[in-house]
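We did not get these values from a lab; they are worked out from the coordinates using the rules stated. Quick caveat: nothing in here was measured; it's all calculated off a predicted structure. With ideal geometry, Cβ positions are generated from the backbone for all residues, glycine too; neighbour counts draw on all protein chains shown.
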């Protein structure tokens, strides 16, 4: 029980650090914040990005790149903590969600919706 | 010459010539002679064409005699009869005649023979005819002086052989009777057997004949006007009837007697004699009595009856099988006779004193406890036709009907209605028949239904149980109708399928559920006969519908002929809960549920049945568990060893297009909502699988099942098989699996690894060979369909422990963006497999993102891998089992 708690605390700290780092992405013509704000990209509850309904494919490139990066990072965390990628991704989504401005597209359990204010 | 001499010579010549002249002139004076002899007698004889008599007789061309029987106490009118003989001859005894010269009286014998003898009353209502008759007469000839010779007959005998009597269209033939009259017997005919062999009606042999009776002219002094026939017998429809005595009152012209119908084996009656044309067979004996009264040209039948002995019956064998129907006609409690109280009034109609027909009225009887009546009808001997309408009221013939198949089935029900019928030259024909019966049947074995006999259990399903039901039937206007019929299956009735080892593996339950739910209810049907109205027998199925298993079944209207090579029947099924009725046995278990709807076009042919593209679909589904027999295993094996071979197959929403040919070839286009295979080691889900299954295509290889055009969703991609032949006997198959659009991650998950993550999809072709439980993969290839990412996530500890080369690989694969992925896979029958993977791409975080090419070779035992993956689940199961045992 105690071990699990320690592991969980360490994991949370790692996730917070990751968020603080802000997934330092390479310079794109379209950055993530803008893409999300313009409704071209949305957050999925597996911790990855996806194109929301009605959006064009303008953000496809940045979404793929960031997802690759996120997946690589999640994999590391998963390996270190003996968790699956999906679990790490879900936990990440919870953290990301809290930081998202209202009106950002989010997909929870397969359903797209905009984050309430 | 002297005068005396001349006179003497003349006298001598006269003595010689006069008899000669008399002899030569006999034909001219014969009639005068006869007239003289018969002067004062009540009959008159005319002879013509007589010849010159010889020493022993003379011939004649025609002899007609008419004689009148004067009125007496029994008859108020005189009766005149005319007798004619053609080409006859009267002969006598010449020796006896010679004595007449020496005596005044002699007795001699005359014999009268002719080509034919004919007797007719005047006017001619009938005609007696005898070919080649012979009448012998003993006559006394007396000669008195001064008086003509007297002829006194004192004995006449006439043996009638094979004579006939004709009246209109009716002819009695083969009549034998010996007439023997004598003065000593006071000219009374002594009792002798009258035998009439046959009766013809308009040239056709009637089913009445062989009449025998003792008959003589001597009357009972107390009944002087009664004609008595004794020891009478007659053959009626090959049935012997007998009456000890028939008394006919000549004055009143009436008689009354009872014809006792002898006990006769049923199979000797014409309707039940086994033959090609008549499938009926009689069993046991029947007897009866026919009380007859005859008065004023009217025959009255009063309370006639027919009864069968115990065990008597009629059998109707079903063609080409050892099944049959039986109709029990033996005595039953409260019903000793099958036919009783038969009454009828038959009047012999005459027109211009000629028989013009038989009029039958007031015909009624009790038949099988019901009432049978007939409209008045006429038998016209000229037309030789009978037309009548039979009315039936609750004739319980069905109560005596049984079906002898796998079990003894029985029926119940009364038959009511009217049957107009005609019997004549065309045989028996029916008019507008109207019949109704609430037919109830019970204990009819399902195994007696064609196709369910189970005679060849390996290839055909076997049925068990019996059917019961009620079918309210009505036949009117050439249409048979069933209204609101019910059919139920007995407890545990069903259809069972067997595998090659003769083990039951699937059953379809047909038992009616508890309560009043029938297997089929509200059965309504309407079948028209002779719909097309031509000579060939046509049927028109106007309606066939029923409620069954919560749904409905409906047949499309159709017209067909019994001569049709193929008879198509299309059934529409709607929401029939058939899947609930399917049970699996042996190595198979599971439960299915859901309703079936669709169209089932059946074609009934002489060689069996076929199904033309039946379309059946269901919203339901179920789970089938295939569990081969478990072998005894050690505790270690139970925990770490071979996992149970048990696999659950669950499916949803089946939809099939089914075709069966007469020769048994089956082709089935199928599609399912999903098919899931779940074993201890994992789960494989095929979404929307569809394909074509073909069975029994080749008679030489009945165990070969072909699956073609198979396609299913598999791990978000697709799996397809263009064709595979599976030998059920050898458990062998060889094919190529075509994979498309399969997410790489899903394949990695299948491997059980938790360290590799990947995006992108792959396609591939994997040749697979199955032999028994052994699977072999030969040179399977797979390649990525697009770019993707592979992440091999390692912990710092793992990296630290790895050698330099491996560490570099770890680093490269920590975020590898591939642009090319190609793989080949082979697996030997023992599970040993070689997997080669070639990757081209880069890792943006590794060595500045330079292009990297990786070649990986993995050698492992795939079967061992699958086993190891199942260890955890086995452990869980064993622990649970132990816990349960402890808690007991």
Helix B:3-24 vs. chain B, principal-axis angle (Cα, 0 to 90°, nearest 10) | 20
Counting partner chain Cβ atoms within 10 Å of every residue's Cβ in A:77-90, what's the average?
-> 3
Projected label distance in nm at residue B:773 and residue A:113, using a 7 Å step from Cα toward the beta-carbon | 5.1
Fewest Cβ neighbours within 10 Å first, please rank B:92, B:187 accordingly.
-> B:187, B:92
In degrees, nearest 10, the alpha-carbon axis of helix B:871-887 is tilted away from the dominant principal axis of the alpha carbons of chain B by 70
Cα principal axis extents for the protein assembly as shown, largest first, Å | 196, 64, 59
Go from 0 up to the bin containing the longest alpha carbon distance in the stretch B:11-160, width 5 Å each, and give me the % of pairs per bin.
-> 2, 8, 13, 20, 22, 16, 10, 6, 3, 1, 1, 0, 0
P(r) of the stretch B:747-861 over all Cα-Cα pairs, binned every 10 Å from zero, in whole percent | 13, 40, 32, 13, 2, 0
List the residues of the stretch B:586-604 whose backbone N lies under 13 Å from a point placed 7 Å from the Cα of residue B:504 along the Cα-to-Cβ direction.
-> B:586-587
How much FRET efficiency would the formula 1/(1 + (r/R0)^6) give for residue B:109 and residue B:74, where r is the Cβ-Cβ distance and R0 is 35 Å, rounded to 0.05?
-> 0.60
Could you work out, residue by residue across A:66-75, how many beta carbons of other chains sit within 10 Å of that residue's beta carbon, and then give the average as an integer?
-> 5
Fully extended contour minus Cα-Cα distance, from residue B:159 to residue B:144, at 0.36 nm per residue = 2.0 nm
In degrees rounded to 10, the 0-90 angle between helix B:26-37 Cα long axis and the longest Cα principal axis of chain B is 80
Projected onto their principal axes, the Cα atoms of chain B stretch, largest extent first, over whole-Å spans of 194, 69, 50
What average number of partner chain Cβ atoms lie no more than 10 Å from the Cβ of the residues making up B:844-851?
-> 1
Extended-chain gain in nm, criterion 0.36 nm per residue less alpha-carbon gap, residue B:741 and residue B:36 = 240.2 nm
Put a dot 7 Å past each Cα toward the Cβ at residue B:345 and residue B:850; how far apart are the dots in nm?
-> 13.1
Express in nm, to one decimal, how much length is gained between residue B:722 and residue B:297 on full extension, taking 0.36 nm for each residue of separation and deducting their alpha carbon distance.
-> 143.9 nm
For the pair residue B:309 and residue B:564, how long in nm is the line joining their label points, each one 7 Å along Cα→Cβ?
-> 4.9
In what sequence do A:30, B:205, B:821 fall when counting other Cβ within 10 Å, fewest first?
-> B:205, A:30, B:821
FRET efficiency for residue B:206 and residue B:706 from the Cβ-Cβ distance with R0 = 60 Å, rounded to 0.05, comes out at 0.30
When the helices in the protein assembly as shown are scored as -39500 (n - 2.57) per DSSP H run of 4 or longer and the sum is shared across all residues, what 222 nm value do you end up with, to the nearest 500 deg cm²/dmol?
-> -5000 deg cm²/dmol
Efficiency of FRET from Cβ geometry, residue B:824 and residue B:804, R₀ 30 Å, rounded to 0.05 = 0.60
In what sequence do B:77, A:114 fall when counting other Cβ within 10 Å, fewest first?
-> B:77, A:114
